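Notes for the one structure printed next.
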Amino acid sequence: MSLYEKIGGEGAVNAAVDIFYRKVLQDDRIKHFFDGVDMAKQASKQKAFLTVAFGGPNNYSGEDMRKGHAHLVKQGLNDSHFDAVMENLGATLTELNVPGELIAQAAAIAESTRNDVLGK
Amino acid sequence: MPIITYGGQSYRCKEQESVLDCLTAHGVTIPSSCHAGLCQTCMMQAVNGNVPASTQQGLQSTLAAQNYFLACTCYPDGDLEVTLPMSGIGSLLATVVEISPLNAETICLKLSPDLELPYKAGQFINLYKDDVTSRSYSLASVPGIDEHLQFHIRKLPDGQVSNWVHHELKVGDSVKISYATGDCFYLPEKPEQNLLLIATGCGLSPLYGIIRDALLQEHRGTIKLYHGGHSAKSIYLINELESLSLQHENFIYTPCISGVNVPHGFAAGRAQDVALQENPDLSGWRIFLCGHPDMVSTGKKLAFFAGASMSQIYADPFVIAHPQKTSQ
């Protein structure tokens with residue numbers, strides 16, 4: 001069984017997206033990156049991110065991650081912000097009672113996008 | 001092999017080829033990003049033919065109901081005619097039936113379209129002053145209740161179209177309008193769900209339609225409307241809404257005044273603040289926000305933080321002086 005199936009597939013993504021996005025938007029360290037962003041469109045991007053982190057079906061390449069975040073890197077996006085997102089991801093999964101070892105696997109996948117997201 | 005028609009051209013869609021792949025392979029540029037049905041960048045609308053339900057996964061239900069789908073995950077079973085959202089929604093002529101005042105700055109415009117115009121209460125149409133100048137106005141009327149299309153139109157100081165409607169348009173005139181579009185409307189999918197509706201100014205127009213549509217479709221959950229304005233003068237349809245709440249005990253109406261003078265019968269404060277104070281837990285609620293863009297964007301955040309799911313928040317911001325979606 002894949003990580004995605006173990007976590008609960010699309011249902012888990014749907015359950016996680018509101019909780020995760022609410023945390024991100026209320027996090028003083030990163031919320032300014034979302035000023036003026038269409039919330040509904042952004043929610044589908046958060047969903048895409050969670051699908052990636054859960055090891056679900058996606059076709060994102062490192063290049064997509066770079067392009068998608070380049071404007072934020074220009075605004076000062078750095079490791080501390082990435083850390084904040086990782087923290088919110090962990091807290092969301094804990095809140096949903098996902099077992100620790102699965103959280104660690106999801107965190108490792110999300111972590112693997114760090115350099116591309118930060119344009120390093 | 002299914003045929004995909006887009007922009008007047010037809011393309012053969014190979015087996016195992018998505019609508020997006022098919023169009024891209026033929027040199028047609030469709031905005032796209034994830035290619036996995038997640039980011040919704042490649043959303044299109046099927047105007048003819050049926051799309052598989054799997055390609056509508058994750059879309060707002062009001063979009064799915066209008067045959068929107070994600071081109072990257074759409075492997076069609078049959079022929080399809082597709083368009084990009086909002087492109088060429090077409091136009092027709094309508095006759096002005098009535099223009100009546102709602103308050104000092106707002107009128108109700110009633111139109112009778114020359115052709116059948118299917119719509120849902122809360123969607124919007126573009127009203128053309130001339131071939132290049134148009135503004136979007138939301139439908140306050142309900143198919144099944146109202147004979148004519150109805151719009152609440154507030155006069156803006158420099159509003160080219162609103163001033164024309166207020167001062168020049170006359171009963172009997174023929175005007176060009178677009179077909180109806182927009183995803184802010186009522187679907188009877190969960191009749192027990194509580195509905196919270198917040199409007200400022202003539203953002204009431206679509207919500208007046210949505211509320212009466214929901215009641216017509218026998219919505220059973222609580223329906224709470226907060227209508228805000230700076231002073232009592234900017235609130236309108238008070239009698240109609242009060243009598244609607246007498247007829248339907250699940251409909252609760254609260255007019256709100258943000259200015260200093262708050263007469264008896266009005267709540268003090270901005271509509272979104274009063275609504276959130278009175279309803280601090282919105283988990284499971286469906287939310288509709290219409291009116292001033294600032295109210296809509298803060299209202300969205302407040303409702304979301306109060307527990308409403310993002311997929312259950314419908315909004316119609318009245319953006320002023322933008323060529324596409326401009327309003328009142």
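Filter the stretch B:135-159 down to residues that are part of a loop (DSSP other than H, G, I, E, B) and modelled with pLDDT under 95, then give me how many there are. Summing the residues that are part of a loop (DSSP other than H, G, I, E, B) and modelled with pLDDT under 95 in the stretch B:135-159 gives 6.
Pairs are defined by a Cβ separation below 6 Å, a sequence spacing of at least 6 or placement on different chains, a first member in the stretch B:193-205 that is part of a strand (DSSP E or B), and a second member that is of a type in the set (Val, Ile, Thr); the pairs so defined are B:Leu195/B:Ile223; B:Leu196/B:Ile287. Taking the stretch B:24-129 and the strands (runs of 3 or more DSSP E) fully enclosed by it, the elements with 2 or more residues that are more than 26 Å from B:Val142 (Cβ to Cβ) are at B:43-48, B:68-70, B:80-83.
Looking only at residues of the stretch B:226-249 that are in contact (Cβ under 8 Å) with a residue 40 or more places away in the chain and part of a helix (DSSP H, G or I), we find that the one that is farthest from B:Met295 (Cα to Cα) is B:Lys233. Here A:Val98 meets the list (1) away from every other protein chain (no Cβ under 14 Å); (2) surrounded by fewer than 19 Cβ atoms within 10 Å (Cβ to Cβ) almost entirely, failing just condition (2). Count of the stretch A:50-66 residues, restricted to those that are at the interface with another protein chain (Cβ under 9 Å from one of its Cβ atoms) and either at pLDDT 90 or above or in contact with a helix residue (DSSP H, G or I) (Cβ under 8 Å, 6 or more places away or on another chain) (or both), is 6.
Tallying residues that are within 14 Å of the chain's Cα centre (by Cα), at pLDDT 95 or above and assigned to a loop (DSSP other than H, G, I, E, B) within the stretch B:281-328 yields 0. With respect to the stated conditions, A:Val52 is surrounded by 14 or more Cβ atoms within 10 Å (Cβ to Cβ) and either of a type outside the set (Lys, Arg) or touching a residue at least 12 places away in the same chain (Cβ under 8 Å) (or both).
Of everything in the stretch A:67-83 that is hydrophobic (A, V, I, L, M, F, W, C) and either in contact (Cβ under 8 Å) with a residue 60 or more places away in the chain or more than 28 Å from B:Val296 (Cα to Cα) (or both), the residue that is farthest from the other protein chains (Cβ to nearest Cβ) is A:Phe82. Close contacts from the stretch B:262-283, counting a first residue that is under 18 Å from B:Leu241 (Cα atoms) and a second that is in a loop (DSSP other than H, G, I, E, B), with Cβ to Cβ under 9 Å and a gap of 6+ residues or different chains, come to B:Phe266/B:Ile235; B:Ala271/B:Ser258.
Filtered by the rule that a residue be out of contact with any Lys or Arg (no Cβ under 6 Å at 6 or more places or on another chain) and surrounded by fewer than 24 Cβ atoms within 10 Å (Cβ to Cβ), the stretch B:125-144 gives B:Asn126, B:Lys129, B:Asp130, B:Asp131, B:Val132, B:Thr133, B:Ser134, B:Ser141, B:Pro143, B:Gly144. In a residue-by-residue description of the stretch B:33-43, the property of being away from chain A (no Cβ under 14 Å) and either in contact with a helix residue (DSSP H, G or I) (Cβ under 6 Å, 6 or more places away or on another chain) or surrounded by fewer than 18 Cβ atoms within 10 Å (Cβ to Cβ) (or both) applies to no position. In the set (1) more than 10 Å from every other protein chain (Cβ to nearest Cβ); (2) closer than 25 Å to A:Gly11 by Cβ, A:Ser44 fails one condition alone, (1).
Every condition in (1) of a type outside the set (Phe, Trp, Tyr); (2) surrounded by 18 or more Cβ atoms within 10 Å (Cβ to Cβ); (3) under 13 Å from B:Leu70 (Cα atoms) is met by B:Ile4 except one, and the failing one is (3).
The values are calculated or read from the model by the stated rules, or taken from the named source; none is laboratory data. In this text, all values refer to a predicted model and were calculated from it rather than measured experimentally. Glycine gets a Cβ as well: all are built from the backbone with ideal geometry, and neighbour counts include every protein chain shown.
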